[in-house]
Amino acid sequence: MTPTTAAALAAVLLTATVPPGAAAQARAVAPGPAVTRVADTQLDGRAVYFESYNGLVNNNAFQKHGLLTYKGYQYAAWYTADRTATVARRALGANTWQTVRLPHKLTLDDSHNVISMGVSRIDGRLHLNMDSHSSGFFYVKSAAGLLDAPAGRAWDTGQFGAVQTTLDGLALTSQFTYPQFVATPEGRLQLSYRAGVSGNGRNGLAEYDGSRWTNLGEWSSATGTYTSEHGSSAARNMYLHGIDYGADGRLHAFFTWREQDNAVMCAPGGITNHDTGYVHSSDRGRTWRTAAGAVVGTTGGPDKVAVGDPGTVVDPLNPDHSLMNQESQATDSAGLPQAIISYVPGRFGQCTTDYVEDRTANGRAFHLVKNAAGTWKKTETPVPLGSSQRTRLVLDRYDNAYAVMPYGRIVAASKDSGYSDWKTLFDGAGLNAFGEVVVDETRLAQDGVLSFMYQQRSSGTTPSPLRVVDFRLP
């Protein structure tokens, strides 16, 4: 028998022993969501602690990124008990962190003044933007190549440049808030920010190409008229639930609007947030389109994404339900966007009068996803918030969805169910976490581990431990 004949016979025998379609079916079955706790390490036994806007400066869910992973190392940033800005690293799987104290101290007891980090792959630098709330910011970057070969580079203050109040000479705005770094597919680094103040601000983008920063300009509008059943408002700001590139290079942004005028609400104790919107860009944030593809804004141009633009709202909701701003989003392996939003459902009443109390008592998180047919589907997760705070969304390699809720609770749903089988996988027991947590959005793709940073409860201004917990996912 010739080798060719033997191979053919083996193929026939193999086919005869496997029922038709069974191999394809086996390939199609993906594991459902699951978590296995593998580590819990301490960053700082005495991190700065004060409550502000019902949050902590070291653990605001909108930080992008307070915790990140790159080339086998994980990086974390926070303020110590004496308010010093600090950055640390560890090799993935290690239990100890190397720490560097930067020459800057937190200026105000304001939980908005977070530290956000980003990596410019084009030159291997770590960038940090910190300590701002409708004010100036503080910026520092590492030496070139520091993150490309971390095992062979020292981790000390000599690896970081001076703390600046511009981006290498580029001044963006005197009213700067919410720095969020996002890496472009080709390795540049973009910085998303808000110019202006709550209720009257615009979103902007800057870009670093490895040699200098450029201000691309603002892309959302604060002007126009919004009218609810209660009244009207003439100014607002767009709050992003995130800004992220998908695998296909498309830049996605879910958002909600916050109105300046409380006349749009049924009661003064709520918040004026309304509607969940969505836009995307296929040219690195220069042009913004609706989910259907219509152009609704140009960064740095006269036409910006505005409250009245048709096709931008994907889940309508009036300002009477304490809809949270700056929650979370993700993009699956097929490039389909999804988000977590939260508010008080109408079954608990059509008018929230105290957004903290009402969200804590009756708030619920909802998963919003666009399917392959272009239809938006919303599913309520079955776990009450028990908090006024935010939830974070991540996807595993099989596109199963995990919502990391306040206090470090993890609920999840499978892709195969159409995200309809939400269940609790981890109840947060033993963490003693204060509220929101900072999720490492970048680590899952590298080693299949979900990491998040949390700070333990304290009282007043007594410092408390800041820790990172790791869970193995499928």
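Shown here for the range 381-442: trypsin sites (Lys or Arg not before Pro) in loop regions (DSSP other than H, G, I, E, B) with at most 14 other Cβ atoms within 10 Å, namely Arg397. For the range 356-474, a/c is not less than 1.5, where a ≥ b ≥ c are the root eigenvalues of the C-alpha gyration tensor, and a/b does not top b/c. That puts it in the oblate class.
A 1.4 Å probe run over the chain, with the rest of the protein chains in place, finds 37 Å² accessible per residue.
Please identify which residues in the range 404-443 have an amide N closer than 11 Å to a label point set 7 Å out from the Cα of Lys377, following the Cα→Cβ vector. The answer is 414-421, whose backbone nitrogens lie closer than 11 Å to the label point.
For GluC sites (Glu not before Pro), the sites in the range 192-246 that DSSP calls loop and that have at most 16 other Cβ atoms within 10 Å are Glu229.
Rounded, prolate or oblate for the range 113-202? Axes are the square roots of the Cα gyration tensor eigenvalues, ordered a ≥ b ≥ c, and the cut-off for rounded is a/c under 1.5. Prolate, because a/c is 1.5 or more and a/b exceeds b/c.
Taking Cα pairs under 8 Å and at least six residues apart, what relative contact order does the chain come out at, in percent? Dividing the mean separation by the residue count of the chain yields 15 percent.
Of the solvent-accessible surface of the chain, computed with a 1.4 Å probe and all protein chains present, 52% belongs to carbon and sulfur. For the range 52-161, the fraction of alpha-carbon pairs lying more than 17 Å apart is 52 percent, rounded to a whole number.
Taking Cα centre as origin and charging only the Cβ of basic (Lys, Arg, +1) and acidic (Asp, Glu, -1) residues, the dipole magnitude of the chain rounds to 860 debye. Charge tally for Gly408 (other residues, Cβ to Cβ under 14 Å; Lys, Arg +1; Asp, Glu -1): +1.
Run through the range 169-233 and list the trypsin sites (Lys or Arg not before Pro) located in a DSSP loop whose Cβ has at most 14 other Cβ atoms within 10 Å. Walk me through the intermediate numbers first.
Details: sites: Arg188, Arg194, Arg202, Arg212; in loops: Arg188, Arg212.
Hits after loop and neighbour filter: Arg212.
With the helix formula -39500 (n - 2.57) applied to DSSP H stretches of n ≥ 4, the chain reaches a computed 222 nm mean residue ellipticity of -2000 deg cm²/dmol. Consider the candidate values (1) 19.9; (2) 25.9; (3) 29.8; state which one is mean projected area of the Cα convex hull in nm² computed from the structure displayed. Matching the structure shown: (2). Counting only heavy atoms of the protein chains and using a 1.4 Å probe, Trp97 has close to 40 Å² of accessible surface.
Taking 0.36 nm per residue of separation and subtracting the current Cα-Cα distance, fully stretching the chain between Ser174 and Ser282 would add 35.9 nm. Given the protein chains as shown and a 1.4 Å probe, how many square angstrom of Leu68 are accessible, to the nearest 10? Probe radius 1.4 Å; accessible area of Leu68 about 10 Å². Each of Ala154 and Asp261 was given a label point 7 Å from its Cα along the Cα-to-Cβ line. The distance between the two points is 6.0 nm. Here the spin labels are modelled as points 7 Å beyond Cα on the Cα-Cβ line, and at Val38 and Ala143 they lie 3.1 nm apart. If you average the sequence gap of Cα pairs under 8 Å that are 6 or more apart and divide by the length of the range 237-388, what percent do you get for the contact order? Relative contact order comes out at 20 percent. Taking all protein chains together and a 1.4 Å probe, the residues Trp257, Trp376 rank Trp376, Trp257 from largest to smallest accessible area.
Taking the range 142-185 and a reference point 7 angstrom along Cα→Cβ of Leu92, the backbone N atoms nearer than 19 Å belong to 146-153, 183.
With 20 Å as the limit, the listed pairs Lys377/Lys415; Lys71/Lys141; Lys378/Lys415; Lys64/Lys141; Lys304/Lys377 have Lys304/Lys377 beyond it between alpha carbons. The convex hull defined by the C-alpha atoms of the range 273-341 has an orientation-averaged projected area of 5.3 nm².
Could you tell me which of rounded, prolate or oblate describes the range 22-117, using a ≥ b ≥ c as the square roots of the eigenvalues of the alpha-carbon gyration tensor, with rounded for a/c under 1.5 and, failing that, prolate when a/b is larger than b/c and oblate otherwise?
Because a/c hits 1.5 or more and a/b exceeds b/c, the range 22-117 counts as prolate.
The values are calculated or read from the model by the stated rules, or taken from the named source; none is laboratory data. From a predicted model like this one, the values you see are computed outputs, not experimental measurements. Please note: Cβ atoms are built from the backbone with ideal geometry, for glycine as well, and neighbour counts cover all protein chains shown. Ligands, DNA and RNA are excluded from the accessible area calculation, which covers all protein heavy atoms including side chains. Shrake-Rupley method; radii C 1.70, N 1.55, O 1.52, S 1.80 Å.
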